[in-house]
């Protein structure tokens, strides 16, 4: 009997335009990169503030590696919690104004935290568009999982009204990673108050970017509540990797004991904590990065108004250009690649069927001229498409 493989499944991915491949990056992360032996103007990265290759972070890593080695050696609760980890938690707590627990990454944080907050007799109410890690964490919790229509507060309230659950946890992204829009935190908190629920916000794409000081979607909306549990990942705007959970002290203390991905994982290398200490300082001090991002967003949206493909509504560095068909999105990305511009085509199952798009990610390291170059290439591609149709 032949050994089973996935050849048929992979062929179906090819036929549907859903096969993916990795490109090999040969340079530091940035807006001008070398990948697959070619130079690119990149609109791919979540390095929203341009910190991933910042000299201050690199120097902090070198110094920490020289003085403290590389590996942490154990989980945080055994012997892996280094003085640099402690300093980072204290720095983040001072910056955000809430108790903090450092985690290894956003995905393991969500899959460890949600099962620690709720269980079999409880219920999770998750927006239809939440990140895959939140869905996995919800399933691992064994709580009842109910999905509400994207940003539909009426639907969420109907679900909250009709649950016998002991504990209720509303779960959203602060900024939705493929649409670039934000969860309506004021309305969500009002519902959490009315129905005695917690609100869990995965702010992976809001931290560092939104709010006057870069504290994320809660600062953007000027909301605060003991019911708010706020997860911020550190591999996007912060430029490194990891995650930090901000909540009431009792919640942080409970998760330190019960979030399995924290308790049973080797602690992050101390040198990454050193890099993040430098990153948090830059996020707090260099407000020009957020100001420049706003100018880039406005420039792009103005320049793309008359394209046949429309930018979805977004105030964030995530600017999705809706194409629709999978193959058409791949073709448009290929045309841009011919011009030396790298923009990823996002297709199902990452986004719903029929909503394939180019996900344009802006960085404070981009210039206005970079935006103009992208817009010109998109207009040229639109002209080519019009000629083909005629």
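Could you look through the range 308-329, keep only residues that are surrounded by fewer than 15 Cβ atoms within 10 Å (Cβ to Cβ) and in contact with a strand residue (DSSP E or B) (Cβ under 8 Å, 6 or more places away or on another chain), and pick out the one that is nearest to residue 50 (Cα to Cα)? This residue is 310.
Just one of (1) out of contact with any strand residue (DSSP E or B) (no Cβ under 6 Å at 6 or more places or on another chain); (2) part of a helix (DSSP H, G or I) fails for residue 134. It is (1). Residues considered: 129, 156. Of these, the only one that is outside the structural domain of residue 344 (by TED's automatic domain parsing), touching a strand residue (DSSP E or B) at 6+ places or on another chain (Cβ under 8 Å), without any contact (Cβ under 8 Å) to a residue 40 or more places away in the chain and more than 30 Å from residue 266 (Cβ to Cβ) is 156. Within the range 91-125, the residues that satisfy the criterion of being over 30 Å from residue 284 (Cα atoms), in contact (Cβ under 8 Å) with a residue 24 or more places away in the chain and in a loop (DSSP other than H, G, I, E, B) are 118, 119, 121, 122.
Determine whether the range 62-76 contains at least one residue that is modelled with pLDDT of 95 or more, closer than 30 Å to residue 138 by Cβ and in a helix (DSSP H, G or I). Yes, some residue in the range 62-76 is modelled with pLDDT of 95 or more, closer than 30 Å to residue 138 by Cβ and in a helix (DSSP H, G or I).
Considering only residues of the range 330-352 that are touching a strand residue (DSSP E or B) at 6+ places or on another chain (Cβ under 9 Å), under 26 Å from residue 129 (Cβ atoms) and free of Cβ contacts under 8 Å to residues at least 60 places away in the same chain, which is surrounded by the fewest Cβ atoms within 10 Å (Cβ to Cβ)? Among them, the one singled out is 331.
Inclusion of residue 296 among residues that are at pLDDT 95 or above, surrounded by fewer than 23 Cβ atoms within 10 Å (Cβ to Cβ), within 30 Å of residue 382 (Cβ to Cβ) and not assigned by TED's automatic domain parsing to the domain that holds residue 61 is warranted. Among the residues of the range 39-69, the one identified as in contact with a strand residue (DSSP E or B) (Cβ under 9 Å, 6 or more places away or on another chain) and either exposed (fewer than 14 other Cβ atoms within 10 Å of the Cβ) or without any contact (Cβ under 8 Å) to a residue 40 or more places away in the chain (or both) is 39. When residue 370 is tested against (1) closer than 13 Å to residue 42 by Cα; (2) outside any strand (DSSP E or B); (3) without any contact (Cβ under 8 Å) to a residue 60 or more places away in the chain, exactly one condition is not met: (3).
Restricting attention to the range 266-293, the residues that are touching a strand residue (DSSP E or B) at 6+ places or on another chain (Cβ under 8 Å) and surrounded by fewer than 19 Cβ atoms within 10 Å (Cβ to Cβ) add up to 1. Looking at 210, 256, which one is assigned by TED's automatic domain parsing to the domain that holds residue 136, out of contact with any helix residue (DSSP H, G or I) (no Cβ under 6 Å at 6 or more places or on another chain) and over 25 Å from residue 155 (Cα atoms)? Result: 256 is the single residue among 210, 256 that is assigned by TED's automatic domain parsing to the domain that holds residue 136, out of contact with any helix residue (DSSP H, G or I) (no Cβ under 6 Å at 6 or more places or on another chain) and over 25 Å from residue 155 (Cα atoms). Just so you know, in the range 181-211 the residues that are over 18 Å from the mean Cα position of the chain (by Cα) and in contact (Cβ under 8 Å) with a residue 60 or more places away in the chain include one that is surrounded by the fewest Cβ atoms within 10 Å (Cβ to Cβ), and it is 198. Comparison of 244, 224, 237 shows that the only residue that is under 21 Å from residue 182 (Cα atoms), within 22 Å of the chain's Cα centre (by Cα), modelled with pLDDT of 95 or more and surrounded by fewer than 23 Cβ atoms within 10 Å (Cβ to Cβ) is 224. If the condition is being under 16 Å from residue 346 (Cα atoms) and out of contact with any helix residue (DSSP H, G or I) (no Cβ under 7 Å at 6 or more places or on another chain), then the range 16-57 contributes 20, 21, 22, 23, 42, 44, 45, 46.
Residue-by-condition table, conditions (1) farther than 22 Å from residue 348 by Cα; (2) surrounded by fewer than 23 Cβ atoms within 10 Å (Cβ to Cβ):
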{"position": "140", "(1), (2)": "yes, yes"}
{"position": "145", "(1), (2)": "yes, yes"}
{"position": "156", "(1), (2)": "yes, no"}
{"position": "160", "(1), (2)": "yes, yes"}
{"position": "165", "(1), (2)": "yes, yes"}
{"position": "172", "(1), (2)": "no, no"}
{"position": "175", "(1), (2)": "no, no"}
{"position": "179", "(1), (2)": "no, yes"}
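The values are calculated or read from the model by the stated rules, or taken from the named source; none is laboratory data. Just so it is clear, the structure is predicted and the values come from calculations on it, not from any experiment. Neighbour counts run over all protein chains shown; Cβ positions are idealised from the backbone, glycine included.
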